[in-house]
Amino acid sequence: MKKITWFFLVLSLIGMTATACGQREHPFKVYAWMSGKLDMPDDVLENYFSQAAAAGISGIYLECHGGYPTLLGDTTAFRDSAALVILRRAVPYAKKYGLELHAWMWTTNRCEANLLDAHPEWYQTNGLGESLAEIEMYGRKHYRFLCPNHEGVTEYLKDRVHELAEIEGIDGIHLDFIRYPDAILPYGLHASRGVVQDKVYPQWDCCYCEECRAKFQAQTGIDPLQLEDPSACEEWMQFRWDSMAQLADALLEEIRSCGKTASAAVFASPEESRKLVRQDWPQFRHADALLPMIYYPYYDKTEEWIETAVREGVTELSAAGNPARLYAGVLVPRDGGFARCIQLARDGGADGICFFSLEAFSRHPELWDALRTAVDSI
């Protein structure tokens, strides 16, 4: 009996030590993002899913609605018919190879032509009074963001969630672009985008539409357009963090009510996320999983930042009492260094890792074996 007692005591201490070092109490999982396309041949689709399963990937976040959505059938209807086709084609392969399948949808960033035509007033306005329905922010035609405070936006996005959730065989729905546009781009992108962003400038700062201004003024008596430096106003920053968190939670709760796993792709760390895109993701309280996109080259960081950013995220989730799992979003390492990325994520306390994206494996098929070896090691 004494030997048995000591055995379980040792196991208990091991568990306590792992928790103290930041490790969470769930099996570490490996996921991948993948672009979904209407014209992807069946053999290519099957190859992706079969190779992913063989490499030890647990599930795929499949993009079904992106920056240039295709309209099928009645172009005056809002139903996202192309997304439904993409997902229905993928379900049999996910089931065949035992993979989770999560529908990856763009959220506030919506640029379907029929929506732009029908509701241009739903789109955000920058500090110069320009509507994102009309301008091309950062020269990107697809960079058009809906306002979280505009009547009709939440119900529109809930409808998009519902139509995806109705597809039999979908395990979850994954929200991307559940944020404001970049008030400041990640620092490593400034040169390539030809911008100088030593501070927040009004052409990139959103949202100053009439609804947001009126709602904020009713709460504080302040018109944000009259502020000399809006980003220095704590109340105005908090207002936008709260506005996006409320929209996110409404949608995440809707996903859960449909019996699906609710997740969201978010910016790399809570601090950078709040500063760059007005996204306070530790307050996304109805998420089952949050996937911070720790693309360290975009931030002029080294690989070690994976651990740092994960640890910051885990710490803030715990402080907020948010039980969401954290899966570290990482770019596919072209040198095959999957084991290093996984170890950094685990050391930071992540519950898993998600690689962006499977398309890299089609260009470098030798990476499948490297991933398999890394997954086997855990």
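Where residues in the range 169-220 are among the polar types (S, T, N, Q) and farther than 21 Å from residue 111 by Cα, which of them is surrounded by the most Cβ atoms within 10 Å (Cβ to Cβ)? Reasoning before the result, please.
Residues of the range 169-220 that are among the polar types (S, T, N, Q), as a first pass: 192, 197, 203, 217, 219-220.
So of that shortlist, the ones also farther than 21 Å from residue 111 by Cα come out as 192, 197, 217, 219-220.
Values: 192: 9, 197: 16, 217: 14, 219: 11, 220: 14.
Checked the range 169-220; the qualifying residue surrounded by the most Cβ atoms within 10 Å (Cβ to Cβ) is 197.
Condition check ((1) touching a residue at least 60 places away in the same chain (Cβ under 8 Å); (2) out of contact with any Asp or Glu (no Cβ under 9 Å at 6 or more places or on another chain)) across all residues:
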| residue | (1), (2) |
| --- | --- |
| 218 | no, yes |
| 239 | no, yes |
| 257 | no, yes |
| 270 | no, no |
| 299 | yes, no |
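Among residues of the range 81-100 that are touching a residue at least 40 places away in the same chain (Cβ under 8 Å), those with a Cβ under 7 angstrom from a residue that is among the charged types (D, E, K, R) and part of a loop (DSSP other than H, G, I, E, B), sequence gap 6+ or separate chain, pair up as 100/171.
In the range 25-47, of all residues being closer than 25 Å to residue 326 by Cβ and buried (at least 17 other Cβ atoms within 10 Å of the Cβ), the one that is modelled with the lowest pLDDT corresponds to 36.
Selection of the range 279-300 for residues being in a strand (DSSP E or B) and either among the β-branched types (Val, Ile, Thr) or farther than 15 Å from residue 249 by Cα (or both) yields 291, 292, 293. In the set (1) within 15 Å of residue 53 (Cα to Cα); (2) out of contact with any helix residue (DSSP H, G or I) (no Cβ under 8 Å at 6 or more places or on another chain), the condition left unmet by residue 340 is number (1).
Residues checked against (1) touching a strand residue (DSSP E or B) at 6+ places or on another chain (Cβ under 7 Å); (2) at pLDDT below 95; (3) not β-branched (Val, Ile, Thr):
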{"site": "12", "(1), (2), (3)": "no, yes, yes"}
{"site": "52", "(1), (2), (3)": "yes, no, yes"}
{"site": "63", "(1), (2), (3)": "yes, no, yes"}
{"site": "75", "(1), (2), (3)": "no, yes, no"}
{"site": "105", "(1), (2), (3)": "yes, no, yes"}
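Screening residue 159 against (1) more than 24 Å from the chain's Cα centre (by Cα); (2) of a type outside the set (S, T, N, Q); (3) outside any loop (DSSP other than H, G, I, E, B); (4) surrounded by fewer than 18 Cβ atoms within 10 Å (Cβ to Cβ) leaves a single unmet condition, (1).
Pairing each residue of the range 106-121 that is in contact (Cβ under 8 Å) with a residue 12 or more places away in the chain with any residue that is surrounded by fewer than 14 Cβ atoms within 10 Å (Cβ to Cβ), provided the two are 6+ apart or on different chains, yields C-beta distances under 6 Å for 114/75.
Looking only at residues in the range 236-265 that are surrounded by fewer than 19 Cβ atoms within 10 Å (Cβ to Cβ) and of a type in the set (D, E, K, R), the one that is farthest from residue 287 (Cα to Cα) is 242.
The values are calculated or read from the model by the stated rules, or taken from the named source; none is laboratory data. Every value quoted in this text rests on a predicted model; they were computed, and no experiment measured them. Don't worry about glycine lacking a Cβ; one is built from the backbone with ideal geometry, like all the others, and counts go over all protein chains shown.
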